[in-house]
Amino acid sequence: MFIEIEGIDGAGKSTQCQLLKDWLDYIGVESIIVKELDSTDFSKQVRNVLIADIMKDAHAEMFLFLSCKCQVFSQLIRPNMAAGKIVIGDRGSGSFISYNSSILGVEKDVLMNLLEMCSLGDHPNTTILLDVSVEIAQERIGQKNGQTRFDLVGSEILQKQREKFLELAENSMDWATIDGSKSIQDIHQIIKDYVVKFMGET
Ligand code: ADP
């Protein structure tokens, strides 16, 4: 099974991915967290290039992200799914569509085709959107250590991404939206209940 956790920066994705993984460990279900820009040696190199801010073409940047995505699918997502593990995506296709359509203005159909190329059809079974206001997200990002240019996104961009995420969630049966302004433990409980129900249905 492949579960993606989505939301704007500061929504609480990494926190909830880790709590979900810890709980799955506790109940004896094997899982792995996949973070596109961190999880393979290749993506770490790509991350360095992106952080260095030397790419001056937004579309080139998009293709670099895509190359990372291909690598993550072939190296981690596909083999771990095949091994029966739950793959927890800390961001993924949703962020790719949200960012590139709302900020770069690339057509959703084009983006879907590009994603299909990378994933070879291995889509998330479900995507959990942690929805928070830009104000809450920025307050939380401000408290985070080790900020990079990815953590320093302006409020206008975050707002556009939030709206695109909500639109994606509204138009897709596979998405569930959770109020990300709740406490960490409340959200964890909602995610656990959702995952249990989802596993029972699939
Ligand atoms: P993301 O991965 O979406 O950028 P993080 O999980 O890294 O977000 O969380 C960003 C910051 O907000 C961290 O300092 C984290 O401890 C804090 N945080 C996460 N979820 C909540 C929450 N529900 N309420 C309050 N603070 C939170």
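The values are calculated or read from the model by the stated rules, or taken from the named source; none is laboratory data. Computed from a predicted structure; not experimentally measured. FYI the Cβ positions are ideal-geometry reconstructions off the backbone, even for glycines, and counts take in every protein chain you see. Accessible surface areas use protein heavy atoms only, side chains included; no ligands, DNA or RNA. Shrake-Rupley method; radii C 1.70, N 1.55, O 1.52, S 1.80 Å.
Residues of the stretch 1-34 being among the charged types (D, E, K, R) and part of a strand (DSSP E or B), which ones?
Residues of the stretch 1-34 that are among the charged types (D, E, K, R), as a first pass: 4, 6, 9, 13, 21-22, 25, 30.
Answer for the stretch 1-34, where residues must be among the charged types (D, E, K, R) and part of a strand (DSSP E or B): Glu4, Glu6.
In the stretch 172-198, which residues are open to solvent by less than 30 Å² (accessible area, probe 1.4 Å), near the ligand (Cβ under 10 Å from one of its atoms) and in a helix (DSSP H, G or I)?
Ile187, His188
Tally time: how many residues in the stretch 107-134 are free of Cβ contacts under 8 Å to residues at least 60 places away in the same chain, open to solvent by less than 20 Å² (accessible area, probe 1.4 Å) and within 24 Å of Thr177 (Cβ to Cβ)?
3
May I ask you to list the residues in the stretch 2-14 that are at negative phi and touching a strand residue (DSSP E or B) at 6+ places or on another chain (Cβ under 9 Å)?
Here is the first cut: in the stretch 2-14, the residues at negative phi are 2-6, 8-9, 11, 13-14.
Once the filter is applied, which keeps residues that are at negative phi and touching a strand residue (DSSP E or B) at 6+ places or on another chain (Cβ under 9 Å), the stretch 2-14 yields Phe2, Ile3, Glu4, Ile5, Glu6, Ile8, Ala11, Lys13, Ser14.
Okay, residues lined up against (1) within 19 Å of Gly154 (Cα to Cα); (2) away from the ligand (no atom under 16 Å from the Cβ); (3) open to solvent by less than 20 Å² (accessible area, probe 1.4 Å):
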site: Thr40; (1), (2), (3): no, yes, yes
site: Phe63; (1), (2), (3): no, yes, no
site: Gln75; (1), (2), (3): no, yes, no
site: Ala83; (1), (2), (3): no, yes, no
site: Ile86; (1), (2), (3): no, yes, yes
site: Gly89; (1), (2), (3): no, no, yes
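For Gln159, all conditions in the list (1) in contact with a helix residue (DSSP H, G or I) (Cβ under 9 Å, 6 or more places away or on another chain); (2) open to solvent by less than 90 Å² (accessible area, probe 1.4 Å); (3) under 20 Å from Gln16 (Cβ atoms); (4) not in a loop (DSSP other than H, G, I, E, B) hold save one; what is the number of the exception?
All conditions are met except number (3).
Checking the condition of a type outside the set (Ser, Thr, Tyr), touching a strand residue (DSSP E or B) at 6+ places or on another chain (Cβ under 9 Å) and either surrounded by 14 or more Cβ atoms within 10 Å (Cβ to Cβ) or farther than 23 Å from Ala169 by Cβ (or both), which residue from Leu50, Leu24 passes?
Criteria check complete, one pass: Leu24.
Evaluate the following for Gln16: is it more than 16 Å from the ligand (Cβ to nearest atom) and not basic (Lys, Arg)?
Considered against the rule, which asks whether it is more than 16 Å from the ligand (Cβ to nearest atom) and not basic (Lys, Arg), Gln16 comes out as no.
In the stretch 104-136, which residues are more than 16 Å from the ligand (Cβ to nearest atom), among the polar types (S, T, N, Q) and in a loop (DSSP other than H, G, I, E, B)?
We begin by selecting, within the stretch 104-136, every residue more than 16 Å from the ligand (Cβ to nearest atom); these are 104-126.
Remaining after also requiring among the polar types (S, T, N, Q): 113, 119, 125-126.
The answer is Asn125, and nothing else.
Hey, which of the helices (runs of 4 or more DSSP H) in the stretch 35-83, taking only ones fully inside, have at least 3 residues that are without any contact (Cβ under 8 Å) to a residue 60 or more places away in the chain and of a type in the set (A, V, I, L, M)?
The qualifying helices (runs of 4 or more DSSP H) are 41-52, 58-72.
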